[in-house]
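The numbers here are math on the coordinates, done by the rules we state, and not lab data. In this text, all values refer to a predicted model and were calculated from it rather than measured experimentally. Here the Cβ positions follow ideal geometry from the backbone for every residue, glycine too, while neighbour counts run over all protein chains shown.
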């Protein structure tokens with residue numbers, strides 16, 4: 001049996017621990033939130049650590065956390081670490097000396113990016129800082145804390161697309177509370193219903209041209225991309241008829257996605273966003289800043305086949321919006337491709353998970 005030391009939040013309970021609860025594998029895992037249990041009472045020899053060290057400043061590991069890692073290293077024969085951070089980047093590589101395998105939700109397509117000191121600890125924050133002079137209230141350059149060859153040990157696990165859609169706010173919050181009370185199986189009973197194929201994909205009968213309800217995050221360098229697109233929309237007088245902006249309730253948000261030809265989904269705390277998968281399952285065409293700098297799974301980011309990439313500066317934004325609003329057949333093709341690609345990726349999750357850890 002394998003021990004899973006987990007930090008139960010909504011991302012964990014309804015997304016990242018999903019593969020562990022697949023019927024084929026659930027019996028192989030014992031879940032705990034207790035580091036004390038792992039150090040003093042656990043009889044297993046293999047430990048999976050999932051979303052640990054998240055409830056603090058994400059930039060630097062504290063000495064007491066390194067002390068815990070060392071004690072766990074001394075206790076277990078094998079340790080597998082699942083990085084809980086949302087973005088691709090060098091963050092958390094300082095745990096590499098303590099673990100046998102290290103997994104990220106997304107990895108850089110170009111390994112050279114792991115060599116760079118990155119402002120705000122990710123590539124897109126670094127880009128906007130250098131090009132537009134965006135600065136954070138607390139500035140930070142993340143320097144790779146280990147020899148760059150160690151970055152070759154970073155493996156791709158899975159992203160938030162594994163499950164959890166459509167998201168239901170109160171049930172998911174309640175499920176996380178139940179999981180933290182020691183009952184993750186019961187907490188996951190509040191998961192989503194299986195989504196069904198949309199009645200139409202991005203068709204002309206949809207009333208909303210471009211869904212762009214975007215809530216800027218609080219960190220300036222990370223939020224800048226969202227702000228940039230919202231400013232472009234605000235400055236274009238004609239955009240008022242084309243783009244649906246502002247905030248709304250979750251129920252209304254989902255109703256709108258069902259009625260949207262195109263959905264704009266800039267990066268959030270990480271490149272991969274809930275909105276990406278929500279757009280796809282509701283049959284809306286996904287319009288998103290270029291994702292070619294990362295590899296991720298489930299992968300719904302095939303340019304011009306499952307999504308439409310935008311330049312990070314947004315210079316091609318209105319050109320592409322106009323083109324796809326004027327070309328229904330192409331819009332529908334890409335939206336349907338995305339739905340089918342997502343279904344295909346999810347269907348392969350069990351086999352992929354088993355092969356990663358030799359569980360089959």
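Judged by the gyration tensor of its Cα atoms, with axes a ≥ b ≥ c, the stretch 169-320 is prolate; a/c meets the 1.5 cut and a/b is the larger of a/b and b/c.
Kindly identify the stretch 192-248 as rounded, prolate or oblate by the Cα gyration tensor criterion: order the square roots of the eigenvalues as a ≥ b ≥ c, call it rounded if a/c is under 1.5, otherwise compare a/b with b/c, prolate if a/b is larger, else oblate. Oblate, since a/c reaches 1.5 and b/c is not below a/b.
Mean residue ellipticity at 222 nm from the helices of the chain, using -39,500 (n - 2.57) per DSSP H segment of n ≥ 4 over the full residue count, to the nearest 500 deg cm²/dmol?
Working: 11 runs with 115 residues, N = 360.
Per the formula, -9500 deg cm²/dmol.
Taking packing as the residue-averaged number of other Cβ atoms within 10 angstrom, the listed peptides 68-74, 207-213 run from highest to lowest as 207-213, 68-74.
Looking at the chain, the DSSP beta bridges with both ends there are about 15 percent antiparallel. With the highest mean first, a sort of the peptides 194-206, 214-226 on other beta-carbon atoms found within 10 angstrom per residue produces 214-226, 194-206.
Rounded if a/c is under 1.5, else prolate if a/b is larger than b/c, else oblate: which is the stretch 4-93, with a ≥ b ≥ c the root eigenvalues of its Cα gyration tensor? Oblate, since a/c reaches 1.5 and b/c is not below a/b.
Sorted by average packing, counted as other Cβ atoms within 10 angstrom per residue and highest first, what order do 338-344, 162-168 take? Show your work: numbers first, answer last.
Numbers: 338-344: 18.4, 162-168: 20.4.
For the peptides 338-344, 162-168, the packing ranking is 162-168, 338-344.
Percent of Cα pairs in the chain per distance bin of 10 Å, from zero to the largest separation: 5, 23, 32, 26, 11, 3, 0.
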